[in-house]
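Read the structure below first, then the notes.
Just so it is clear, none of the values below were taken in a lab; they were calculated from the coordinates. This structure is a prediction, so every number in the text was calculated from the model and none was measured. FYI the Cβ positions are ideal-geometry reconstructions off the backbone, even for glycines, and counts take in every protein chain you see.
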């Protein structure tokens, strides 16, 4: 069976599973794995994008010179980037790299491909005819490498921390995974649930015996309608969706004190999430490592820009076609930055301890039958990309801001 045939078979099989789950109810917002509703259409970015203020990361002369040498006589190398989900601030750094001219400065014309409930990025990106670059979670890619012959390689670990939470109302009395016993525990499937189920196993709890695992729709309706006791959520998305909803008992928005939150970074079962992947076969072709290095440099500078200019990155995200409102994107941008910054080794560098934790959990859960090969990760391209950036690449002094919750995320 050819590699393409394997992936077509996998896509067909997973499409059946998605259909079997029924999808989100009418009027809800698909949000699995830190996702958002797919856009009805992409808005045209506003004309006359503001230039970055002095002291921010406008393209440097060095970057421009490098791009000129690489691009030749004004021609840009065309590549595509597959997002894990629909446009939202989870991907603001890539929108910024495009709109602020960082990709063009590196001699690149980057097409950003929307994800959504019918797109499995690690499968799409694994296809030999697929996009050059893919955003996905690390365990999902390790799974397709181990089970389907994918040659996707982690070339930059953008998120340094996990955004996964379990959220419940305080009257449920769930403050740790040990409290899942005899409860209805909501999770997303398709690889989004591993941190939650691993934490339950660490407490000696098995699904179906000690707790009821419920596949929740791609939103928070099951929690809000008391169909589950605790829901999986991303700190930058679904957690905010609860806070943006009206508490029927008070007529006001839900407040943080109404909720108990389990953070899997603190529990110890956090797994690495958003990373940039490329196919090994594509990287091996002449000139493509140089393209990858330039792509990473521009993308990193996009994220640096979002660290320093979050409001402009919210505008870029909304213009890219986000469906949830500007208020929700502001919350998301404020929560995404702390998942990236600080990056002690520089943005895109792999935390080896958290990578090993990710692998160990994947092995224990049966996601992997054996540890991934060493070539599942490359750090040299990200290191080379960092060498060409003059701005602060670690964000050592980064401090999280505050945003106001808006009704419905508007």
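Numerical summary
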{"item": "Chain lengthening between residue 311 and residue 360 when straightened (0.36 nm per residue, less Cα-Cα)", "result": "13.8 nm"}
{"item": "Rough spin-label spacing in nm, given labels placed 7 Å along Cα→Cβ, for residue 182 and residue 118", "result": "4.5 nm"}
{"item": "Cα gyration tensor shape of region 164-265, rounded if a/c is under 1.5, else prolate or oblate by comparing a/b with b/c", "result": "prolate"}
{"item": "Cα→Cβ-extended label distance, 7 Å offset, between residue 394 and residue 266, nm", "result": "2.7 nm"}
{"item": "Proxy reagent accessibility, fewest Cβ within 10 Å first, across 333, 234", "result": "333, 234"}
{"item": "Most to least packed among 131-144, 275-288, 296-309, 193-206 [average Cβ atoms within 10 Å]", "result": "296-309, 131-144, 193-206, 275-288"}
{"item": "Residue order, fewest to most beta carbons within 10 Å, for 328, 316", "result": "328, 316"}
{"item": "Contour minus Cα-Cα distance for residue 326 and residue 175 (0.36 nm per residue)", "result": "51.2 nm"}
{"item": "Spacing of the two label points (7 Å from each Cα toward its C-beta) at residue 190 and residue 250, in nm", "result": "3.4 nm"}
{"item": "Packing rank of 95-106, 221-232, where each peptide gets the mean count of other beta carbons within 10 Å, highest leading", "result": "95-106, 221-232"}
